[in-house]
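Participant: Pasting in a structure now, in structure tokens, and then I'll have a few things to ask.
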Amino acid sequence: MSLLLTLIAIAVSLLLFAARRRMGYWQRRGIPHDVPHPFFGNIKDWSKTRHIAKIFRDYYLKYKGSDYPFAGFFFFFTRTAVITDLELVKRVMIKDFNHFENRGVFYNEIDDPLSATLFSIEGQKWRHLRHKLTPTFTSGKMKHMFPIVVKVGEEMEKVFSSKINSGASSGGQVLEVVDLVARYTADVIGNCAFGLDCNSLHNPQADFVTVGKRAITEHAYGGLLDIFLFGFPKLSRRLRLKLNVQDVEDFYTKIVRDTIDYRLKTKEKRNDFMDSLIEMYQKEQAGNKEDGLSFNELLAQAFIFFVAGFETSSTTMGFALYELARHQDVQDKLRAEINSVLGKHNNEFTYEGVKEMKYLEQVVMETLRKYPVLAHLTRMTETDFAPEDPKNFIGKGTIVVIPALGIHYDPDIYPEPEKFKPERFTEEAIAARPSCTWLPFGEGPRNCIGLRFGLMQTCVGLAYLIRGYKISVAPQTEIPIQINVKSILLSALNGIHLNVERISK
Ligand code: HEM
């Protein structure tokens, strides 16, 4: 018994020694950093009091301007460098991208096919897949999908209208807008990525959306094992661990299988994401492995288009409505633009018309500055970076964080950063700022592939709502909005409640 206790004591001491040594890395290198906790590293208050992106924002603002272009950080046991200098941001994301092409997140294509998405896969496989998928997102393809987005926008308008009709007061109705716009983006992406009329606008319990939400929030093991999966992705893969829950995987596999069978049988063409993916699948089936996609590859990409495209855009729309409710002058100016452009286009929503709505774009860009949904970007060093230069040297295997929220709230870049000012995004104002200072879609070869689509569906949805309704703050509106600190994305903890009043035509 005493031998066993001695062995346990030795093992615990060795573990503590290894943890201390690991956590002493930045100290030994003389890189500025906060002293890490032996187990949590520098994220002790994460998911309790501070959102992860705010932890990185505060770190950026604290260490910006030090003698080094980054500060040392530990995400639990993971060695992390938080970039605090725009020149180094540019090198990581663009100029020296070949050192930083992966994110270092978990995927396991064999045991968990849904996890092997464009977002997570690495190296040559990522390069090849990105190259194959890029033509799916050209402006020509966006134009083809535009009518689907408009059709769902019309439905959203009807749902808002029915909610207001059912309300008692004549001065409008207080609505929780995030849920409503999330049903709009879910229907748009469900349509374009899976070819489904999932109709969550009219049926909030639509399986497609509830399972989609579970895919984001529920993981196969949860809790401590999640930390292991994200902290040690390669080891987790070797141990054949999974991220996604089995019934979520089964659900999406069936939908995709049925959609492919249906489209191949009926030869129906919808010009959407699924059509492009099926074209690549057919190439693979015909033996062209180089340009083709296997069933599992297709499945994972349809899945990530939904997961990455649905909540990001709806959250952006929710925050935009919140800011517009608080800035009636901006809202009036925006409505005037929307009406004037629509007037020139036969009062119809056209692809060209929406492109002409420059002020709308500025409003969306300023919203994404204040609320970049994915507010910290990550890359991983595959090889030692700049070993000859002690200031910039980042060792192999380090996770690099680009604190987008910090850069967006840096008063040297955006004076009075708390204020909502769409005029920050006129062409001249953008040209006057350094590059890599607006990062809601990331930057460089691994930026958001769905940028055009995300902007298109956000702009169309907002244009429909602002044309038809006056949005204003209500007693129930939370000011400032409480952010959900448990989520990786920036989102409102209690939704966004606003007064919505129909504008008489
Ligand atoms: C407002 C809407 C959206 C926002 C704010 C957004 C934001 C982002 C961000 C910040 C990244 C990481 C970029 C980086 O690391 O440099 C990303 C990656 C990605 N996004 Fe989006 N996104 C949006 C819409 C969409 C849509 C509509 C789709 C697909 C239909 C999509 C698919 C993806 C994919 C596949 C990646 C991974 C790209 C790669 O690693 O090659 N996103 N997105």
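The values are calculated or read from the model by the stated rules, or taken from the named source; none is laboratory data. Here the structure is a predicted model, which means the values were calculated and not measured. Neighbour counts are summed over all protein chains in view; Cβ atoms, including those assigned to glycine, are modelled from backbone coordinates with ideal geometry.
Participant: Taking Ala463, is it touching a strand residue (DSSP E or B) at 6+ places or on another chain (Cβ under 7 Å), surrounded by 18 or more Cβ atoms within 10 Å (Cβ to Cβ) and at pLDDT 95 or above?
Facilitator: Against the criterion (touching a strand residue (DSSP E or B) at 6+ places or on another chain (Cβ under 7 Å), surrounded by 18 or more Cβ atoms within 10 Å (Cβ to Cβ) and at pLDDT 95 or above), Ala463 does not qualify.
Participant: Would you pick out the residues in the stretch 340-384 that are within 11 Å of the ligand (Cβ to nearest atom) and in contact with a strand residue (DSSP E or B) (Cβ under 6 Å, 6 or more places away or on another chain)?
Facilitator: Residues satisfying the conditions are His376, Leu377, Thr378, Arg379.
Participant: Okay, moving on. Can you pull out the residues in the stretch 417-444 that are within 8 Å of the ligand (Cβ to nearest atom) and assigned to a helix (DSSP H, G or I)?
Facilitator: Listed by number, the list holds a single entry, Gly444.
Participant: Kindly indicate which of Asn447, Asn494, Asn484 is surrounded by fewer than 17 Cβ atoms within 10 Å (Cβ to Cβ) and within 8 Å of the ligand (Cβ to nearest atom). Reasoning before the result, please.
Facilitator: Numbers: Asn494 fails: within 8 Å of the ligand (Cβ to nearest atom); Asn484 fails: within 8 Å of the ligand (Cβ to nearest atom).
Residue meeting the stated conditions: Asn447.
For every residue, the table says whether it meets (1) in contact with an Asp or Glu (Cβ under 8 Å, 6 or more places away or on another chain); (2) closer than 22 Å to Ala186 by Cα; (3) in a loop (DSSP other than H, G, I, E, B).
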| position | (1), (2), (3) |
| --- | --- |
| Ser66 | no, no, yes |
| Phe73 | yes, no, no |
| Ile94 | yes, no, no |
| Arg130 | no, no, no |
| His144 | yes, yes, no |
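Participant: Kindly check whether there is at least one residue in the stretch 245-266 that is under 25 Å from Leu493 (Cα atoms) and under 26 Å from the mean Cα position of the chain (by Cα).
Facilitator: Looking for residues that are under 25 Å from Leu493 (Cα atoms) and under 26 Å from the mean Cα position of the chain (by Cα), one finds at least one in the stretch 245-266, hence yes.
Participant: Filter the stretch 394-408 for residues that are in a loop (DSSP other than H, G, I, E, B) and under 16 Å from Met93 (Cα atoms) and give the result.
Facilitator: Selection gives Thr398, Pro403.
Participant: Report yes if some residue within the stretch 247-260 is in contact with a strand residue (DSSP E or B) (Cβ under 8 Å, 6 or more places away or on another chain) and part of a loop (DSSP other than H, G, I, E, B); otherwise report no.
Facilitator: no
Participant: Can you tell me which of (1) part of a helix (DSSP H, G or I); (2) surrounded by fewer than 15 Cβ atoms within 10 Å (Cβ to Cβ); (3) modelled with pLDDT under 95 is the one Ser340 doesn't meet?
Facilitator: Only one criterion is unmet by Ser340, namely (3).
Participant: Yes or no: Gly461 touching a Phe, Trp or Tyr at 6+ places or on another chain (Cβ under 8 Å), part of a helix (DSSP H, G or I) and within 7 Å of the ligand (Cβ to nearest atom)?
Facilitator: Working: touching a Phe, Trp or Tyr at 6+ places or on another chain (Cβ under 8 Å): yes; part of a helix (DSSP H, G or I): yes; within 7 Å of the ligand (Cβ to nearest atom): no.
No: the conditions fail for Gly461.
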